[in-house]
Amino acid sequence: MSQNDPSFDELLAAAKHSAVHLEMRDSYGVGDEAEDFDNWKRTGQRDVDPASEYWMPWVDLIRGTVKRGVTVRRARVVSEPVTDYIRYEHAGTVVNIHAGEQVRWLPRRRASDIALPGNDCWIFDGETVLFNHFSGDGNWSDQGWEFRPEADVARFASAAFEAVWERGIPHEKYLV
């Protein structure tokens, strides 16, 4: 991102009606969740307390966004059988839903005929896209985020998200 590009928080704060997140990796290795993931691998227990230090910033952010009338949806394209990371992510999704997100899962085999962007992304009001760049091991890459305000990029990413959403399985019905 350039210094003049809006941040994720600024884009979410400016959203008027929708913020959608398309996730397509089977494993992430971002540092801020490493301890929680390691604990889950050892114990099988996931922090699902919306008021915990781990979750509260996200829960507050999403609750405030939804309270303003913005719909927040998350669609995850996953390989099956799912990875340990996806099982971990699935176990914590109850907090995303508690915060006000809607979440669906799409088995990758059902996405073969959907044109998907090359990277995970957030799409705000169907007008701007914030691509997430990860390294091969799933951590944030040096590029981090890529802000794309072009209408054709937003149309493409929005169409991909909506196609995944249409086929996706609601969280409560998707068993890992």
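The values are calculated or read from the model by the stated rules, or taken from the named source; none is laboratory data. Treat the numbers as computed from the prediction; the structure is a model and nothing was measured. Don't worry about glycine lacking a Cβ; one is built from the backbone with ideal geometry, like all the others, and counts go over all protein chains shown.
Restricting to the range 93-103, and then to whatever is of a type outside the set (V, I, T) and buried (at least 19 other Cβ atoms within 10 Å of the Cβ), can you tell me which residue is nearest to E150 (Cα to Cα)? Going through the qualifying residues, I end up with E101.
Picking from residues in the range 54-80 that are part of a loop (DSSP other than H, G, I, E, B) and touching an Asp or Glu at 6+ places or on another chain (Cβ under 9 Å), the one that is surrounded by the fewest Cβ atoms within 10 Å (Cβ to Cβ) is S79. Taking first residues from the range 149-166 that are closer than 20 Å to D5 by Cα and partners that are modelled with pLDDT of 95 or more and of a type in the set (S, T, Y), the Cβ contacts under 8 Å between residues at least 6 apart in sequence or on separate chains come to P149/T128; A154/T128. Scanning the range 97-114 for residues that are in a helix (DSSP H, G or I) and free of Cβ contacts under 8 Å to residues at least 40 places away in the same chain yields a count of 2.
It is to be established whether one or more residues within the range 30-38 are in a loop (DSSP other than H, G, I, E, B) and either over 21 Å from C121 (Cα atoms) or modelled with pLDDT under 95 (or both). Checking the range 30-38: at least one residue is in a loop (DSSP other than H, G, I, E, B) and either over 21 Å from C121 (Cα atoms) or modelled with pLDDT under 95 (or both).
Selection of the range 1-26 for residues being polar (S, T, N, Q) and surrounded by 16 or more Cβ atoms within 10 Å (Cβ to Cβ) yields only S18. With respect to (1) closer than 25 Å to D142 by Cα; (2) within 15 Å of the chain's Cα centre (by Cα), the lone exception for N96 is condition (1). Name the single residue that is surrounded by the most Cβ atoms within 10 Å (Cβ to Cβ) among those in the range 128-176 being farther than 22 Å from R104 by Cα, over 16 Å from the mean Cα position of the chain (by Cα) and of a type in the set (D, E, K, R). By that ranking, first place goes to R148.
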